[in-house]
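Data first, discussion second: the structure below is written as structure tokens.
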Amino acid sequence: MSARLDGEDQPGERAGADRHLAGCAECRIWLDRATALNRLARTSVVPPPMAVDEDLLAAAPGPGRARLAGTLRIALGVVGVAQFLLGAAQIAGIGDTGHPHGLDVVLGGGPNHLWHESAAWNVALGAGFTWIAIRRTRPVGLVPTLTAFVAVLTLLSTNDAIAGRVDLGRILSHGLILAGYLLILGLSRPTFESDGPPTWQERRSGSAWRATFEEDEVPAPPRLRLVRSRPRTAQARSHRRAA
């Protein structure tokens with residue numbers, strides 16, 4: 001019957017279908033309804049295509065936005081490598097002035113130890129910038145930490161520059177941190193959030209721990225049991241006395 005509605009039935013099948021329809025009222029009702037629906041679908045007026053709003057096109061992410069995000073990530077990767085090399089150079093003793101920002105001893109640490117702390121920070125920041133550059137997720141979790149670090153570093157560097165306790169080259173080396181911070185601020189905007197599925201690296205980087213909660217078991221209904229009747233104590237005593 002469905003093939004008959006589509007005009008694809010075979011001539012040899014029509015007689016058998018007609019005999020079945022003659023004895024089946026439900027199939028006749030179904031065929032009448034399907035025929036009416038098929039006729040309605042074929043004769044209905046096709047509505048004109050819906051116009052696309054200009055505001056919708058403006059809000060849709062375009063290829064330029066993806067290119068901008070890629071450019072920012074490439075720039076962040078370059079800054080990260082430069083920052084990492086700066087920290088490695090400090091660890092190797094290249095450009096060691098022996099008195100970072102003019103502090104000789106702070107909380108029991110000599111100038112060499114302060115220099116090593118600064119080198120460790122530069123290496124860590126460089127590695128972090130590079131890691132963020134190769135990922136597709138937004139680095140929103142690092143924004144508060146980097147904001148506090150850049151703010152304090154800017155205040156201390158400005159104070160040391162005014163007091164003459166640091167040279168210009170040392171202050172300019174902090175420009176890599178500021179550039180990386182600004183790039184991370186740009187990448188953390190929701191505009192550059194990836195719309196595609198996560199890569200296999202992102203799926204593997206997720207935590208392996210998963211919380212599983214067992215469903216509460218429905219308590220089984222109490223079962224009835226037969227208890228043999230026993231004579232009461234008073235009746236048992238009276239029977240014994242009578243005996």
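The values are calculated or read from the model by the stated rules, or taken from the named source; none is laboratory data. As the structure is a computational prediction, the values presented were derived from the model and not from experiment. Methodologically, a virtual Cβ is constructed for each residue, glycine included, from the backbone with ideal geometry; neighbour enumeration extends over all protein chains shown.
Give just the number: which of (1) surrounded by fewer than 10 Cβ atoms within 10 Å (Cβ to Cβ); (2) modelled with pLDDT of 80 or more does Val45 not satisfy?
Condition (2) is where Val45 drops out.
Taking Ala119, is it at pLDDT 80 or above, farther than 30 Å from Arg67 by Cα and in the same structural domain as Leu72 (by TED's automatic domain parsing)?
On the way: at pLDDT 80 or above: yes; farther than 30 Å from Arg67 by Cα: yes; in the same structural domain as Leu72 (by TED's automatic domain parsing): yes.
For Ala119, the condition - at pLDDT 80 or above, farther than 30 Å from Arg67 by Cα and in the same structural domain as Leu72 (by TED's automatic domain parsing) - is met.
Give me the pairs: first residue in the stretch 4-16 and part of a helix (DSSP H, G or I), second residue modelled with pLDDT of 75 or more and among the small types (Gly, Ala, Ser), beta-carbon distance under 7 Å, and six or more apart or on different chains, which are they?
Pairs found: Arg4/Ala17; Leu5/Ala34.
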